[in-house]
Amino acid sequence: MNPLDQIKRDFLAECAEDFVGLWSLLRTVNFTIPNLTPIEAQSITLRFLEDLLRAEAIVVLQISNSRLEAWNLPPASAIKRIKDEWDALGRDPDIGEIAWFTLPMSDGKLAQINERMQDG
């Protein structure tokens, strides 16, 4: 199996169960395809995400004020924002930084999750 196909299968399965941070996906890319330079790993990760966003297989979220907020950006704009924020870090993203990903969900489902987050 192509390494990117394996990453895609595992990433989507994880997104079906929980929210997946950019840092986690990057770690998986680096583990699955060893010896990548940071620029290569970033490029592969961003291309991978853009393909999934274009296919509407995932959505991008951020946590702000203890609430999940969908970015609601076109795929190219979301990828540009991720890349810009990543580049501004000057290093690889860490836990909780830049973006989270999950499968598409209704606004009602997002509201339920935010309500649970507020409750503790």
Qualifying residue in region 5-19 (condition: in contact (Cβ under 8 Å) with a residue 60 or more places away in the chain and farther than 20 Å from Glu97 by Cα): yes
One residue from Leu26, Leu68, Leu22 being buried (at least 16 other Cβ atoms within 10 Å of the Cβ) and more than 12 Å from the chain's Cα centre (by Cα): Leu68
Residue in region 42-55 that is farther than 18 Å from Ile95 by Cα, in contact (Cβ under 8 Å) with a residue 12 or more places away in the chain and of a type in the set (S, T, N, Q) present: no
Which listed residue is of a type outside the set (Asp, Glu), modelled with pLDDT under 90 and in contact with an Asp or Glu (Cβ under 9 Å, 6 or more places away or on another chain), from Ile33, Ile63: Ile63
All positions within region 28-55 that are assigned to a helix (DSSP H, G or I), farther than 18 Å from Ile79 by Cα and not polar (S, T, N, Q): Phe31
All positions within region 56-72 that are touching a helix residue (DSSP H, G or I) at 6+ places or on another chain (Cβ under 6 Å), on the phi < 0 side of the Ramachandran plot and not in a strand (DSSP E or B): Ile58, Trp71
Subset of region 73-93 that is in contact (Cβ under 8 Å) with a residue 60 or more places away in the chain and part of a helix (DSSP H, G or I) - its residue that is farthest from Leu103 (Cα to Cα): Trp86
Residues that are surrounded by 12 or more Cβ atoms within 10 Å (Cβ to Cβ) and within 16 Å of Arg27 (Cα to Cα), drawn from region 84-95: Trp86, Asp92, Pro93, Asp94
Matching residues, region 29-49, being within 11 Å of the chain's Cα centre (by Cα) and hydroxyl-bearing (Ser, Thr, Tyr): Thr45
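Every residue, every condition in (1) over 24 Å from Pro3 (Cα atoms); (2) in contact with a Phe, Trp or Tyr (Cβ under 9 Å, 6 or more places away or on another chain); (3) surrounded by 13 or more Cβ atoms within 10 Å (Cβ to Cβ), yes or no:
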position	(1), (2), (3)
Pro34	no, no, no
Ile44	no, no, yes
Val60	no, yes, yes
Thr102	no, yes, yes
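The values are calculated or read from the model by the stated rules, or taken from the named source; none is laboratory data. It should be emphasised that the depicted structure is a prediction, and the values quoted were computed from it without experimental measurement. Quick reminder, even Gly has a Cβ in these numbers, built from the backbone with ideal geometry, and neighbours come from all protein chains shown.
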